[in-house]
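> I have a structure I would like to understand better, so I am pasting it below and will then ask my questions one at a time.
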Amino acid sequence: MKKLSTLSILVLLVSLFLFSACNNSGGEKKKAKKMAIVVSTLNNPWFVFLAETAAAKAKALGYETKIFDSQNNTATETDNFENILVADYCAILFNPTDADGSVANVKKAKEAGVPVFCIDREINAKGIATSQILSDGYSGSVDIAKYFVEVMNKKGTYVELLGITGDNNTRARSTGFHSVVDNYPDLKMVARQSADFDRNKGMEVMESMLQAHPDITGVFCGNDAMAMGAYQALVGAGKDKVVKVFGFDGADDAIKSIKENKLAATGMQFPKIMAEKAAEFADQYYNGKRDFPEKIPVAVELVTAKNVDNYMGYGKK
Amino acid sequence: MKKVIKYIVPIVVAGLLLYNSVYFKKLDAKKAAIENELSPNAFAQKFWAEKFVPYMDSAVEISSFLKMAKENPEEVFRRYSKTQGIGNASFFLVKGEGIIKAVNEDEVLVAVRSGTGEIKVKLNTGIYFGNAVRDVTGKISMGDFSNTMDFNSVSTELNKIVHMQVITPLKAKATKGAMVQFIGCIEIGQEQMIPEYANILPVKINIIQ
């Protein structure tokens, strides 16, 4: 009887210890109903729209929200994460600044038990973010490139303005574009330079490119802000009727510009779909769901003068 | 009591060591991890040989497909379509047999007998830039890759395989009047209806002169 009693105590204590060592979500303390939205920059209206849409959806689902601006700087993003992780947020809706550099921040959040839902841009890792809802930039650029080839009549010289180095979207859009255009030997790229997704830089880079290559007939830009800047430079040089400008994003001013037969085309992303899906996923996580797709591509649609009436800034009518 | 403590400590330590030294991982996840360490080209070659070619047996006969699509498009999408993510194109795998009516620069036109009539089919022989080959089986997902560039590169590599193994020989051998058996992919964009005639990327061809 004494031995049985000792054995029972041992079994009970070991069981209790192992149970408490298990990473059991049912044992997690419920966090406050607050979502943090961390966005790469608030200096670009597209990202402002993305962040505000995510916040609005989270609020509609019953959460307090706060938007954190990473100012396109991984160090600032890290500070944002540190502040968030001590403030009892239940989820982070995250637009990364750098596909590699941002991984560590998401890891910290995971270790702290805070789910992270990436929006628009990815991190180069699996199994760390809870889910990543990403723009299918490569396929979108393939469609823009096919139209570019058609408009350029398969010949001519052109330049390319790239986005931020380190952002996978920069590479995806450029690679998608070249996967088509490089098959046409009479279409020659004569210059390529980064303008950091920025309108003013886009204008400066375009001005400089026009000095060196005055006879170009096409420009592909990795986003609409750079495309609008490039168009401004072309107007200044009196070449806006000769050089066709192609952007990417589906920003409000780009859509208006296409309607006015200024910009030739853009790729419409759907920040509303991505932002709202992230907020919905975070809500489902809060309510106990744990299986989410690792990555979800969201289509990008080609917008030209032919179909622009179906679209408005950042989405479809 | 001392005896109880004397036994508890080693058992707890042993339990902790055991718990942290054993983990369970799904076999599929491990296999997928190994596959995705391959380069996009190697991944594409392996996928083509081991998964895509066997999958071709599930192709739907083209005239039945188009008839069903006319009568009940929702059912056709539900039963046969494969799509990646949100808003992307849907892909269908179809097969058929018919007579070559014309050989043009980027297409071979085929008439497929259907009931008492004919269906016009266009086999694309130009450069293909889409994701049909990667996505039509539903066996590759963006989440299988840490980096979406690899996911995109796999699509490009698969297109190269089809171009080399199917389209180039088709262009060389296709002649008006010859019988052709084909398996191919149909791509339908978001919100598009299934067209009355089929525009197909061929993935397997047999020409009978």
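> Out of the residues in segment A:286-310 that are crowded, with 20+ Cβ neighbours inside 10 Å and not aliphatic (A, V, I, L, M), which is farthest from the other protein chains (Cβ to nearest Cβ)?
A:E301
> With the structure loaded, tell me whether B:F91 is of a type in the set (F, W, Y) and in contact (Cβ under 8 Å) with a residue 40 or more places away in the chain or whether it fails that test. Can you show your working first?
Values: of a type in the set (F, W, Y): yes; in contact (Cβ under 8 Å) with a residue 40 or more places away in the chain: yes.
So B:F91 fits the description; yes.
> Still on this structure, I have one more. From the list B:V133, B:V180, B:V162, which one is at pLDDT 95 or above, closer than 24 Å to A:G140 by Cα and either in contact with a Gly (Cβ under 7 Å, 6 or more places away or on another chain) or away from chain A (no Cβ under 14 Å) (or both)?
Values: B:V133 fails: either in contact with a Gly (Cβ under 7 Å, 6 or more places away or on another chain) or away from chain A (no Cβ under 14 Å) (or both); B:V180 fails: closer than 24 Å to A:G140 by Cα.
Criteria check complete, one pass: B:V162.
> Something else now. Just one of (1) more than 22 Å from B:A174 (Cα to Cα); (2) within 14 Å of chain A (Cβ to nearest Cβ); (3) modelled with pLDDT under 95 trips up B:G117, so point out which.
B:G117 satisfies every listed condition except (2).
> Which condition does A:I92 not pass, out of (1) under 19 Å from A:A282 (Cβ atoms); (2) at pLDDT 95 or above; (3) within 14 Å of another protein chain (Cβ to nearest Cβ), if it passes all the others?
Condition (3) is where A:I92 drops out.
> Here is a further query. Mind listing just one residue for me: the one in segment B:151-167 that is among the polar types (S, T, N, Q) and open to solvent by 30 Å² or more (accessible area, probe 1.4 Å) and, of those, farthest from A:P297 (Cα to Cα)?
Narrowing segment B:151-167 to residues among the polar types (S, T, N, Q): B:152-153, B:155-156, B:159, B:165.
Filter again for open to solvent by 30 Å² or more (accessible area, probe 1.4 Å), leaving B:153, B:156, B:165.
Numbers: B:S153: 15, B:T156: 17, B:Q165: 29 Å.
Ranking the qualifying residues of segment B:151-167, first place goes to B:Q165.
Okay, residues lined up against (1) touching a Pro at 6+ places or on another chain (Cβ under 6 Å); (2) closer than 30 Å to A:V103 by Cβ:
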residue: B:K122; (1), (2): no, no
residue: B:G130; (1), (2): no, no
residue: B:D135; (1), (2): no, yes
residue: B:G143; (1), (2): yes, yes
residue: B:S155; (1), (2): no, yes
residue: B:I188; (1), (2): no, no
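> Follow-up. When you go through (1) assigned to a loop (DSSP other than H, G, I, E, B); (2) β-branched (V, I, T); (3) at pLDDT below 95 one by one for A:I128, which number turns out not to apply?
Result: A:I128 fails condition (3) only.
> Going through segment B:112-121 one residue at a time, which ones are under 15 Å from B:N199 (Cβ atoms) and either surrounded by fewer than 22 Cβ atoms within 10 Å (Cβ to Cβ) or without any contact (Cβ under 8 Å) to a residue 60 or more places away in the chain (or both)?
Taking segment B:112-121 as the starting set, the residues that turn out to be under 15 Å from B:N199 (Cβ atoms) are B:112, B:119-121.
Result: B:V112, B:I119, B:K120.
> Restricting to segment A:52-91, give me the number of residues that are within 21 Å of the chain's Cα centre (by Cα), without any contact (Cβ under 8 Å) to a residue 60 or more places away in the chain and part of a strand (DSSP E or B).
Summing the residues that are within 21 Å of the chain's Cα centre (by Cα), without any contact (Cβ under 8 Å) to a residue 60 or more places away in the chain and part of a strand (DSSP E or B) in segment A:52-91 gives 5.
Yes/no per residue for (1) open to solvent by 20 Å² or more (accessible area, probe 1.4 Å); (2) modelled with pLDDT under 95; (3) part of a loop (DSSP other than H, G, I, E, B):
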{"residue": "A:L161", "(1), (2), (3)": "no, no, no"}
{"residue": "A:A172", "(1), (2), (3)": "no, yes, no"}
{"residue": "A:Y184", "(1), (2), (3)": "yes, no, yes"}
{"residue": "A:E204", "(1), (2), (3)": "yes, no, no"}
{"residue": "A:P214", "(1), (2), (3)": "yes, no, yes"}
{"residue": "A:G229", "(1), (2), (3)": "no, no, no"}
{"residue": "A:K239", "(1), (2), (3)": "yes, no, yes"}
{"residue": "A:K262", "(1), (2), (3)": "yes, no, yes"}
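> Just one of (1) at pLDDT 95 or above; (2) away from chain B (no Cβ under 14 Å); (3) open to solvent by 10 Å² or more (accessible area, probe 1.4 Å) trips up A:N43, so point out which.
(1)
> Right, here's the next one. Hey, could you check segment B:35-57 for residues that are charged (D, E, K, R) and in a helix (DSSP H, G or I) and say which is most open to solvent (accessible area, probe 1.4 Å)?
Filtering segment B:35-57 down to residues charged (D, E, K, R) leaves B:35, B:37, B:46, B:50-51, B:57.
When the remaining residues are screened for being in a helix (DSSP H, G or I), the result is B:35, B:46, B:50-51, B:57.
Details: B:E35: 28, B:K46: 67, B:E50: 105, B:K51: 67, B:D57: 132 Å².
Of everything passing the filter in segment B:35-57, B:D57 is most open to solvent (accessible area, probe 1.4 Å).
> Has segment B:139-149 got any residue that is more than 10 Å from chain A (Cβ to nearest Cβ) and open to solvent by less than 30 Å² (accessible area, probe 1.4 Å)?
Initial filter on segment B:139-149 (more than 10 Å from chain A (Cβ to nearest Cβ)): B:139-140.
From the residues that got through so far, the ones that are open to solvent by less than 30 Å² (accessible area, probe 1.4 Å) too are B:140.
Within segment B:139-149 (the criterion being more than 10 Å from chain A (Cβ to nearest Cβ) and open to solvent by less than 30 Å² (accessible area, probe 1.4 Å)), the answer is yes, since at least one residue qualifies.
> Within segment A:150-180, can you find the residues that are among the aliphatic types (A, V, I, L, M) and at the interface with another protein chain (Cβ under 10 Å from one of its Cβ atoms)? First the steps, then the outcome.
From segment A:150-180, those among the aliphatic types (A, V, I, L, M) are A:151-152, A:159, A:161-162, A:164, A:172, A:180; that's our starting set.
Matches in segment A:150-180: A:A172, A:V180.
> Same structure again: Exactly one condition in (1) more than 16 Å from the chain's Cα centre (by Cα); (2) in a helix (DSSP H, G or I) is false for A:K272; which is it?
Going through (1) more than 16 Å from the chain's Cα centre (by Cα); (2) in a helix (DSSP H, G or I) one by one, A:K272 breaks only (1).
The values are calculated or read from the model by the stated rules, or taken from the named source; none is laboratory data. None of these values were measured; they are calculated from a predicted model. No Cβ is skipped: glycine too gets one built from the backbone with ideal geometry, and neighbour counts run over all protein chains shown. For accessibility, only protein heavy atoms count, side chains too; no ligands or nucleic acids. Shrake-Rupley method; radii C 1.70, N 1.55, O 1.52, S 1.80 Å.
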